[in-house]
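The numbers here are math on the coordinates, done by the rules we state, and not lab data. It should be emphasised that the depicted structure is a prediction, and the values quoted were computed from it without experimental measurement. Cβ: placed from backbone, ideal geometry, glycine included. Neighbour counts: every protein chain shown.
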Amino acid sequence: MNSYKTIMSCLILIIGVQFKVSAQDEQIDHNFNSWWSNINKYHLGAKTFLSSELHIRRTNGLDKWQQFLFRPAVNYKVNDHLVSTVGYTFIQTYPYGNQPIVAVTPEHNVWEQVTLKHNIKKVNLSHRFRMEHRFIGQETVDSNGQYRTNGFNYAQRFRYRFTGQFPLSKNQKVFGKWFDEIWLNLSNSFMPRSLNQNWLYLGVGYRFSDIGNVQVGFMDQLIKKGDGVHYENNPTIQCSVSFELGRKKIKK
């Protein structure tokens with residue numbers, strides 16, 4: 001437990017320093033988002049499982065595109081407390097808000113991840129550490145005035161998510177969930193360079209079967225824009241449906 005307290009103390013300190021440094025000149029914009037997700041697992045064996053995520057993200061309610069994501073991954077369960085993962089994410093980001101990007105921008109994102117799990121009484125806790133290697137489309141204007149992807153810029157990012165899940169009913173079909181996730185831009189030498197985002201989420205879920213659940217919640221999303229002055233502070237409604245397949249077959 002001492003190691004977990006140390007990790008959390010360091011991350012809280014990093015967040016505090018970032019906000020203190022930037023608070024003098026910040027300009028904050030607000031966008032109301034709605035995110036819709038499908039998250040699946042398929043067990044191949046006692047230790048190995050595949051996962052996939054499909055995210056449709058809209059802004060101004062449901063009016064405009066914000067992002068589209070597809071995220072497949074391969075996972076290995078080291079033991080009951082540790083899971084290692086390698087994955088890929090395709091991201092397409094659309095112009096939105098008061099400081100939009102100039103054009104629809106693709107990104108190819110390769111990442112490695114470890115997840116640590118433990119319980120405190122009835123609360124399931126997890127610590128997710130993800131290292132991302134980002135290939136971000138560089139948009140240029142051709143002779144016809146059309147935006148084209150002309151190569152990719154490379155960047156690195158580190159993400160840490162601390163999640164808690166707890167039952168809200170005796171049969172545990174209804175549950176609550178919260179998480180906080182910090183995103184840090186990294187230099188090519190893997191040193192923290194700046195705050196990229198912070199997500200704070202609170203939601204509720206319902207297990208409608210042994211293999212599936214639905215969740216809905218509210219997230220406060222803070223994004224630091226590339227110019228270092230502009231921020232987005234976006235209230236976001238998240239809705240997801242999740243399935244876990246193949247687990248019972250393996251247990252038999």
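Phi angles of region 39-44 translate, via the Karplus equation with coefficients 6.51, -1.76, 1.60 and θ = phi - 60°, into HN-Hα couplings of 10, 10, 10, 9, 7, 8 Hz per residue; Gly and Pro are given as x. Spherically averaged projected area of the convex hull of Cα atoms, region 86-197: 10.2 nm². Between Tyr42 and Lys64, the FRET efficiency estimated from the beta carbon spacing at R0 = 45 angstrom works out to 0.85.
Estimated purely from DSSP H runs of n ≥ 4, each contributing -39500 (n - 2.57), the mean residue ellipticity at 222 nm for the chain is -3500 deg cm²/dmol once divided by its residues. Anything over 26 Å Cα to Cα? Flag those among Lys41/Lys122; Lys41/Lys224; Lys77/Lys121; Lys121/Lys224, in the order listed. As for pairs spanning more than 26 Å Cα to Cα, those are Lys41/Lys224; Lys121/Lys224. For Leu168, the residues 5 or more places off, or on other chains, whose built amide H falls under 5 Å of its own are Val174, Phe175, Gly176.
So, with +1 on the Cβ of K and R and -1 on the Cβ of D and E, and no other charges, what is the size of the charge dipole of region 2-251 about its Cα centre, to the nearest 20 debye?
On the way: 30 positive and 18 negative charges, 294 e Å.
About 1420 debye.
The phi torsions of region 45-59, fed into the Karplus equation with coefficients 6.51, -1.76 and 1.60 and a -60° offset, translate into couplings of x, 5, 10, 10, 8, 9, 9, 8, 9, 10, 10, 10, 10, 10, 10 Hz, rounded to whole numbers, with Gly and Pro shown as x. Here region 2-251 is treated as a sphere whose radius is the Kirkwood value from Cα pairs; by Stokes-Einstein at 37 °C and 0.692 mPa s it diffuses with a coefficient of 166 µm²/s.
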